[in-house]
Amino acid sequence: MYLFRLTYYSRNAIKDLGLPVGVEVKKIMQQSSVNNPAAGITGALVFNDHYFAQVLEGDRKAVTQAFCKIAGDERHSEIVILEAKPVSDRLFDGWAMAYAGHSPEIDRLYLKYGTAIGFAPAKMTADAFVSLVYDLVESGSRIAKTPLVEDIDQPAAPLAKSA
């Protein structure tokens with residue numbers, strides 16, 4: 001397998017579509033927690049009211065196909081690819097989702113990676129972006145996580161947020 005990592009961010013268009021944000025985010029979480037492990041894709045999706053930001057890792061073809069689906073999803077607009085490159089190792093051991101909100105811990109992460117208080121992926125380098133996504137997933141902001149499953153018989157259920 002040719003291991004590949006793609007990072008992007010997009011404007012969260014859910015509210016613009018008049019859709020309920022909570023319902024739509026839950027749908028994204030459910031679809032991703034089934035589709036990504038089945039395709040051998042690891043990574044993380046971070047979101048808030050303004051942005052989606054994601055790191056996808058896996059076989060280059062699988063990552064490309066997943067990104068093409070995302071690019072066609074009307075809940076995303078103004079998609080910007082920060083980086084797409086081969087990598088020697090995975091950074092993420094499964095697929096996870098995190099909310100990029102505000103707390104003292106999360107605000108320290110924003111400052112650590114060079115953004116003002118708040119999630120501003122357009123102002124970040126690709127390396128800082130990937131590191132921030134990783135740290136958000138590892139922090140208390142994670143809301144879902146699935147392991148990488150090579151051969152799935154049944155869909156993996158997302159895990160509840162850990163305390």
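Summary of computed values
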quantity	calculated
Failed criterion for S33 (all others in (1) farther than 20 Å from V133 by Cα; (2) of a type in the set (G, A, S); (3) at pLDDT below 85 hold)	(1)
Flag for D73 being over 24 Å from K27 (Cβ atoms) and more than 14 Å from the chain's Cα centre (by Cα)	no
Tally, over region 1-27, of residues that are closer than 29 Å to S88 by Cβ and of a type outside the set (S, T, Y)	5
Residue, surrounded by the most Cβ atoms within 10 Å (Cβ to Cβ), within region 7-20, restricted to residues that are assigned to a helix (DSSP H, G or I) and not acidic (D, E)	K15
Evaluation of L91 against (1) within 18 Å of I28 (Cβ to Cβ); (2) within 13 Å of the chain's Cα centre (by Cα); (3) at pLDDT 85 or above; (4) not small (G, A, S) (one fails), failing number	(1)
Considering residues of region 118-146 that are among the basic types (K, R) and in contact with a Gly (Cβ under 9 Å, 6 or more places away or on another chain) only, the residue modelled with the lowest pLDDT	K145
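The values are calculated or read from the model by the stated rules, or taken from the named source; none is laboratory data. This is a predicted model, so every value here is computed, not measured. As a convention, Cβ positions derive from the backbone with ideal geometry for all residues, glycine included, and neighbour counts pool all protein chains shown.
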